[in-house]
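Novice: Sharing a structure below in C-alpha cells format, with a few things to ask.
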Amino acid sequence: MNLDSEKLSLASPPIAALHPEVLTAHDDVRVDEYYWLRDREQPEVMAYLEAENAYTAAQMQHTEGLQAALYDEILGRIQETDLSVPYRKGEFYYYTRTETGKAYPIYCRKQGSLEAPEEILLDQNELAEGQEFLSLGVLAVSPNHQVLAYSTDTTGAERYTLRFLDLQTREHFPEAIQGTAGVVWGNDNQTVFYVQLDEANRPYKLWRHPLGQLDGDELLHHEPDEFFYLDIDKTRSEAFLLLSLNSKITSEVHFLDANQPQSQFQVIQPRSQGVEYSVEHQGDRFYITTNENALNFKLMQVPVTAPAQAQWETVIPHRDEVLLEGVSAFAHHLVIHERQAGLPTIQIRQVETGASHYMSFPDPTYSVGEGANAEYHTPILRFNYTSMITPRSVFDYNMDTQERELLKETPVVGGYDRTLYTSDRLLATAPDGTHVPISIVYKQGIQRTGQNPLLLTGYGSYGYSYDPGFSSSRLSLLDRGVVIAIAHIRGGSEMGRRWYEEGKFLHKKNTFTDFIACAEHLIAEGWTSPQQLAITGGSAGGLLMGAVINERPDLFHAVVADVPFVDVVTTILDDDLPLSVMEREEWGDPYDKTFYDYMKSYSPYDNVKAQDYPNLLITAGLNDARVAYWEPAKWTAKLRSLKTDQNILLLKTNMGAGHGGASGRYESLKEIAFEYAFLLHQWGLAQG
C-alpha cells in the first residue's frame, strides 16, 4: 500500500478498497473487506488513518479562520480562572480551581474555615507535563485526611495507575498499581480496596492492599462471569463498604464493616437472573432499590443485622407512572430520585416521621442531580440544576425548612441574558402511535418558516436519560439562528423503565424510528427543512446516526457522528474486545440467530448501501477502549466505496486520545470549534 503524502492527492479521499494487497492477506475479506483496519500494528493502518486526517484537514482548511473565531468566542465566555463551590468533609473544605492558560484543574482544600490557608492536594497540570493526554480517575483522601489515593491514565485507554501521596511530607508511597478502576479506604487509614481490570477492561477483581507495601495484596473477589463488572463504594455514613457485581440486567451486593477492614464481605442477596438492586445505608437498616416484580423499581428496607431478602419490607411500592431511579441516605433524611412524565423529580422523606415533600423546578425541561454531599449528619442537600437556558447552578437545600440557597451559577463571561432565549417541550408521534418528547431551545424572534438551521441530537441506549442542560459553547450556534433540539427516544428511561425496554433487544428499531419521527415532526411544524436539518450523536448515539441515515438519508443535510458504535455485530461477536460480552444484555446475543438477524438488519456498517448520503463528519480515538477506532474507520471506508453522492465525508481520528477525545480543556474546545465550523459551513452560515 502506498499512502505517503507524495502519492496521495489531498483533493481526493483515501479509498481503502484500492488496496487489494492488504485485503487479500486476510481470510475475513469475503465477509468484511475492511477488517484489516483492525490491526493497528501494521504501518498501512496508521498510514491510512493519517491519510484520512490529512484529507480532513485539507477539506476543512477553508474553515480555519472560522474555527479560530469560534474557539475565541467559546473560550471568551468561560471564566478561565474559577473556583468550584467548596464542600465540607470533616474539618476540611475541599474544592477545585482553574487558572487562565492552564488546561487542567487544581485540587485543593482548607482546614477549619474558608479563610484558612490553601493546601494544594494535586495539580493536574503538573501531572500532565510532557503528556499528550492525562485523565484523572479516582481522587480519594483517607478518612484521617492525611493520604491521597489518586489514579491517572496517559493514553485514553481508561487503564489507570494508582498511587498514594502523603499529604504531610508530599512524598509518594512506593507502590504504583497498574490497571485499576475504583478505590476506597477502610476506616483504619491503612487498608485500601481497589478494583483491577482484566485484559478486556472489565473490572473483575477486588484486592485488599496494605498501604505502603509492594506485596501482600489479598484477592477478595474474582468475578469470572464475563457478563458482570465489579465496583466498590463506601456508604455516606462511612459505616460500610459495598461490593457491587452488576451485569446489564442482574445485581449482587456484598457489604463489609468499614471499621473492621480485615473482615470478610457478606452477601445481601445472591444474584437472580434479571433482578437488579442497589443498596444505601441509614441507621440500623439498608434501603434497597429493586426491580423484582417491579418494572419501575420499588424501595425496600431491611435490618443491617439480617439483610436477606426474606426480611425485606416495602417502603415505596411499585408505581406504573413513576420510575424510581435511586435513593440517597442521610442521617435523618432520604433523598428519593424519581422520574415522572419524562422529567426528573426529587422527593425528600424524613426518616423518623415518614413525612415527605417534592422539590420544585422552574423550567419546562431541565436536569437536576446531587452535588457533592460528603457529610452524613446534615439536613443540607447540595444539588446541581441546569436547563437549556439556565447555566449550571449549585444550590444548598434545607430538607427540614425547604429553603434553598443559590451558591453559584456558572458565569458566562461577557454577560448572558436568558430572556433572549426560549426552551420548550414538544411531542412527536412515532409510527406505532407513541408520543416522543423533544426538548428544544432557540433565540427569541425565531419564526417557524421551515427554513431554520436546526441541530437535532439523541442517544437512546442503556436506559440513559438524555436530560437537557446548558452549554455556553452552544451560544455560538444559537446566536447565529440555529435551533437546537434533543429527541428523548426509546432506549433511554425518560418515560420510565418501559421506555428503555421498548428500545432494546428485538425492539431496538424503535429508537431509530422515534428519532426519524422527531425529525419529521420538526419539519412538519415548520421548525426546519431537510436541507437545513443536521443531526449529531456520539458512541451509541453514533449508532443512531448511522442507522437513521441508512434508513432516511433524504431527511438530513449534515451529520456529526462522534466515536460511533457502528459495527455492532462484528464487535459483539468478538469476546476479546472490551465490554463486548456485557453488551449482549443490551443489544442481544449474536450467537442466537434471531438476535443475529435482527442486529444485522440495523447495524449501520452492515447496511451501508449504494445511495445518496448526507454530508458527514465522523470522529474516532485511536486509544478508544469503548468504541475501537476501526469502527468509524471501516464505516467511513465503506461509505466512500458505496455512496452515490458528491457530499463531503470526513474522518478525523485523534491519534493520542480515547473515547472522550482530548483531555485538556483548551484542546476540547478546539474539537468543539472544529465540529461547529463543519456544521455552520453546511448550513451556509460560515460567515455569520
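The values are calculated or read from the model by the stated rules, or taken from the named source; none is laboratory data. Since the structure is predicted, the reported quantities are computational estimates derived from the model, not experimental observations. With ideal geometry, Cβ positions are generated from the backbone for all residues, glycine too; neighbour counts draw on all protein chains shown.
Novice: For the range 334-353, enumerate the residues that are surrounded by fewer than 18 Cβ atoms within 10 Å (Cβ to Cβ), of a type in the set (Val, Ile, Thr) and assigned to a strand (DSSP E or B).
Specialist: none
Novice: Please pick out the residue among TYR95, TYR55, TYR104 that is hydroxyl-bearing (Ser, Thr, Tyr), in contact with a helix residue (DSSP H, G or I) (Cβ under 6 Å, 6 or more places away or on another chain) and in contact (Cβ under 8 Å) with a residue 12 or more places away in the chain.
Specialist: Result of the check over TYR95, TYR55, TYR104: TYR104.
Novice: Hey, can you tell me all the residues within the range 248-276 that are part of a strand (DSSP E or B) and closer than 20 Å to LEU219 by Cβ?
Specialist: Residues satisfying the conditions are GLU252, VAL253, HIS254, PHE255, LEU256, ASP257, GLN266, VAL267.
Novice: Shifting gears a bit: So which residues in the range 573-606 are in a loop (DSSP other than H, G, I, E, B) and either among the hydroxyl-bearing types (Ser, Thr, Tyr) or under 22 Å from the mean Cα position of the chain (by Cα) (or both), if there are any at all?
Specialist: Hits for the range 573-606 are LEU577, PRO578, LEU579, GLY588, TYR591, SER603, PRO604.
Novice: Here's something else I'd like to know. Looking only at the range 195-235, filter to residues that are over 21 Å from GLY137 (Cβ atoms), acidic (Asp, Glu) and over 27 Å from the mean Cα position of the chain (by Cα); which one of those is surrounded by the fewest Cβ atoms within 10 Å (Cβ to Cβ)?
Specialist: ASP215
Novice: Taking the range 608-661 as the search range and keeping residues that are farther than 30 Å from PRO203 by Cβ and of a type in the set (Gly, Ala, Ser), which one is surrounded by the fewest Cβ atoms within 10 Å (Cβ to Cβ)?
Specialist: Looking at residues that are farther than 30 Å from PRO203 by Cβ and of a type in the set (Gly, Ala, Ser), I get ALA610.
Novice: Could you check, for the range 543-563, whether at least one of its residues is part of a loop (DSSP other than H, G, I, E, B), buried (at least 21 other Cβ atoms within 10 Å of the Cβ), among the aromatic types (Phe, Trp, Tyr) and out of contact with any Ser or Thr (no Cβ under 9 Å at 6 or more places or on another chain)?
Specialist: yes
Novice: A further question follows. Of the numbered conditions (1) touching a Phe, Trp or Tyr at 6+ places or on another chain (Cβ under 9 Å); (2) touching a residue at least 24 places away in the same chain (Cβ under 8 Å); (3) over 25 Å from PHE265 (Cα atoms), GLU158 fails exactly one; give the number of that condition.
Specialist: Failed condition: (1).
Novice: If you don't mind, there's one more thing I want to ask. Please name all residue pairs, on different chains or six or more residues apart, with Cβ atoms under 7 Å, provided the first residue is in the range 163-186 and is farther than 18 Å from LEU241 by Cβ and the second residue is exposed (fewer than 15 other Cβ atoms within 10 Å of the Cβ) and among the small types (Gly, Ala, Ser).
Specialist: As it stands, the answer is ARG163/ALA176; PHE173/GLY212; PRO174/GLY212, since those pairs meet every condition given.
Novice: Given the structure, is ARG382 more than 19 Å from LYS89 (Cβ to Cβ) and surrounded by 14 or more Cβ atoms within 10 Å (Cβ to Cβ)?
Specialist: No: the conditions fail for ARG382.
Matching residues to (1) among the aliphatic types (A, V, I, L, M); (2) crowded, with 16+ Cβ neighbours inside 10 Å:
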position: ASP123; (1), (2): no, yes
position: VAL138; (1), (2): yes, yes
position: SER151; (1), (2): no, yes
position: THR154; (1), (2): no, yes
position: ASP166; (1), (2): no, no
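Novice: Now for a separate question. Within the range 629-666, which residues are free of Cβ contacts under 8 Å to residues at least 40 places away in the same chain and among the hydroxyl-bearing types (Ser, Thr, Tyr)?
Specialist: Scanning the range 629-666 gives a single hit, THR644.
Novice: For the range 608-632, which positions are over 29 Å from ASP576 (Cβ atoms), assigned to a loop (DSSP other than H, G, I, E, B) and not aromatic (Phe, Trp, Tyr)? Break it down stepwise before answering.
Specialist: Within the range 608-632, the subset over 29 Å from ASP576 (Cβ atoms) is 609-617.
If we keep only those that are assigned to a loop (DSSP other than H, G, I, E, B) too, we end up with 609-614.
Across the range 608-632, the qualifying residues are LYS609, ALA610, GLN611, ASP612, PRO614.
Novice: Also, I was wondering about something else. Filtering the range 471-511 down to residues that are of a type in the set (Phe, Trp, Tyr) and in contact with a Lys or Arg (Cβ under 9 Å, 6 or more places away or on another chain), which residue is surrounded by the fewest Cβ atoms within 10 Å (Cβ to Cβ)?
Specialist: TYR500
Novice: Please list, ordered by residue number, the strands (runs of 3 or more DSSP E) wholly in the range 92-142 having 1 or more residues that are in contact with a strand residue (DSSP E or B) (Cβ under 6 Å, 6 or more places away or on another chain) and farther than 19 Å from ILE177 by Cα.
Specialist: Fully inside the range 92-142 and qualifying: 92-98, 106-111, 119-123.
Table: residues versus (1) under 27 Å from the mean Cα position of the chain (by Cα); (2) under 20 Å from GLU501 (Cα atoms); (3) surrounded by 20 or more Cβ atoms within 10 Å (Cβ to Cβ).
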{"site": "GLN269", "(1), (2), (3)": "no, no, yes"}
{"site": "GLY283", "(1), (2), (3)": "no, no, no"}
{"site": "THR314", "(1), (2), (3)": "no, no, no"}
{"site": "ARG319", "(1), (2), (3)": "no, yes, no"}
{"site": "HIS332", "(1), (2), (3)": "no, no, no"}
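Novice: Working carefully through the options ASN373, ASN452, ASN384, find the one that is part of a loop (DSSP other than H, G, I, E, B) and closer than 25 Å to LEU139 by Cα.
Specialist: It is ASN373.
Novice: On the basis of being touching a strand residue (DSSP E or B) at 6+ places or on another chain (Cβ under 8 Å) and surrounded by fewer than 22 Cβ atoms within 10 Å (Cβ to Cβ), does THR536 make the cut?
Specialist: Considered against the rule, which asks whether it is touching a strand residue (DSSP E or B) at 6+ places or on another chain (Cβ under 8 Å) and surrounded by fewer than 22 Cβ atoms within 10 Å (Cβ to Cβ), THR536 comes out as yes.
Novice: Within the range 490-508, is even one residue under 24 Å from ALA620 (Cβ atoms), under 20 Å from the mean Cα position of the chain (by Cα) and either among the hydroxyl-bearing types (Ser, Thr, Tyr) or part of a strand (DSSP E or B) (or both)?
Specialist: So far as the range 490-508 goes, no, none of its residues is under 24 Å from ALA620 (Cβ atoms), under 20 Å from the mean Cα position of the chain (by Cα) and either among the hydroxyl-bearing types (Ser, Thr, Tyr) or part of a strand (DSSP E or B) (or both).
Novice: For VAL192, are the conditions met, namely being within 24 Å of the chain's Cα centre (by Cα), surrounded by 18 or more Cβ atoms within 10 Å (Cβ to Cβ), more than 16 Å from SER251 (Cα to Cα) and touching a residue at least 24 places away in the same chain (Cβ under 8 Å)?
Specialist: no
Novice: Applying the selection to the range 311-342, what residues are among the aliphatic types (A, V, I, L, M) and modelled with pLDDT of 95 or more?
Specialist: Selection gives VAL315, ILE316, VAL322, LEU323, LEU324, VAL327, ALA329, ALA331, LEU334, VAL335, ILE336.
Novice: Moving to a separate point now. Just to check your reading of the model, which residue among THR570, THR536 is of a type in the set (Val, Ile, Thr) and either more than 25 Å from SER493 (Cβ to Cβ) or outside any strand (DSSP E or B) (or both)?
Specialist: Result of the check over THR570, THR536: THR570.
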